[in-house]
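Read through the structure below, which is laid out as structure tokens, and then see the notes.
None of the figures in this text is laboratory data; all of them are computed from the coordinates on show. Computed from a predicted model, the values in this text were never measured in an experiment. Neighbour counts run over all protein chains shown; Cβ positions are idealised from the backbone, glycine included.
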Amino acid sequence: MTYILIFIILAILSYVYLKLADRFNIIDKPNHRSSHTQITIRGGGIIFYIALLIFFITSGFQYPYLFIGTTIIALVSFIDDLRPQPPALRLPVQFIAIALAIYQVSLDFPLVSLVLLLIVGVGFVNAFNFMDGINGITGMYSIVIVSFLLFFNIYETTFVNVDLLYYLLSSLVVFGFYNFRKKALFFLEM
């Protein structure tokens, strides 16, 4: 029942965001490098942050470094949606956010491996953002990955609180409703 309630809350908040973003002109105008051709609302990825925020509060503040890293990257990304920010600001924030996520999982790897993981993580963040302009690809790719992680977490070995994965999966389904269509109603970019 909790997961259904979370889904409903996320669905309502995403609709509210869509209306607010439209009212305040938080839009993506296609350019020569865009894979889309129509003006589309930006910042739909805020629904993922809201799902994480709900999890963070209801779980008794589990995974604080992950939450802090996600918060700073979401904040800078949302500011970037409102007014483009230089890569010299965005890139260090991405490195800090990924470093906090790596620290959260307390990997006992050699330093060289951790540095490589950090670089790959930042690369993933940017590749993920790049995919966003193709309707449905980011949402479908993410649903598959989170579903796999959920299955593995339940049936193989528990590596994270299962609620976090369910909340993220709910946010992905809600996001997909707005993005997985011929003319996306909003993009992930936050």
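Where is the GNM fluctuation largest for the chain (alpha-carbon springs, 10 angstrom cutoff): TYR63, TYR17, TYR103?
Of the options given, TYR103 has the highest mean-square fluctuation.
Mind jotting down the distance between the C-alpha centroids of segment 145-190 and segment 78-99, whole Å?
Their Cα centres are 23 Å away from one another.
So what's the chain giving for Rg/Rh, alpha carbon basis, Kirkwood Rh from the mean inverse pair distance?
Result for the chain is an Rg/Rh of 0.96.
Given axes a ≥ b ≥ c from the Cα gyration tensor, I'd like to know whether segment 71-113 is rounded (a/c under 1.5), prolate (a/b larger than b/c) or oblate.
oblate
Place a label point 7 angstrom from the Cα of ARG181 along the Cα-to-Cβ direction, then list the residues of segment 1-31 whose backbone nitrogen is under 19 Å away.
8-30
Using the alpha-carbon centroid of each, what span in Å lies between segment 101-131 and segment 3-27?
About 30 Å separates the Cα centre of segment 101-131 from the one of segment 3-27.
How would you rank 6-16, 107-117, highest first, on the average number of other Cβ atoms within 10 Å across their residues?
6-16, 107-117
HN-Hα J couplings of segment 64-69 from phi, Karplus 6.51/-1.76/1.60, θ = phi - 60°, integer Hz, Gly and Pro as x?
x, 5, 4, 5, 5, x
Excluding ASP81 itself, calculate the net charge of residues whose Cβ lies under 11 Å from the Cβ of ASP81, where each Lys or Arg counts +1 and each Asp or Glu counts -1.
My count for the surroundings of ASP81 gives -1.
Rounded if a/c is under 1.5, else prolate if a/b is larger than b/c, else oblate: which is segment 87-172, with a ≥ b ≥ c the root eigenvalues of its Cα gyration tensor?
Oblate, since a/c reaches 1.5 and b/c is not below a/b.
Go ahead and set up a Gaussian network model of the chain, Cα springs under 10 Å, then flag whichever of THR138, THR70, THR58 fluctuates most.
Looking only at THR138, THR70, THR58, the biggest GNM fluctuation is shown by THR58.
Label ILE9 and LEU116 with points 7 Å out from Cα along Cα→Cβ: what is the distance between them in nm?
4.0 nm
Sequence-distant or interchain residues sharing an amide H contact under 5 Å with ILE41, placed H: which?
ASP28, PHE187
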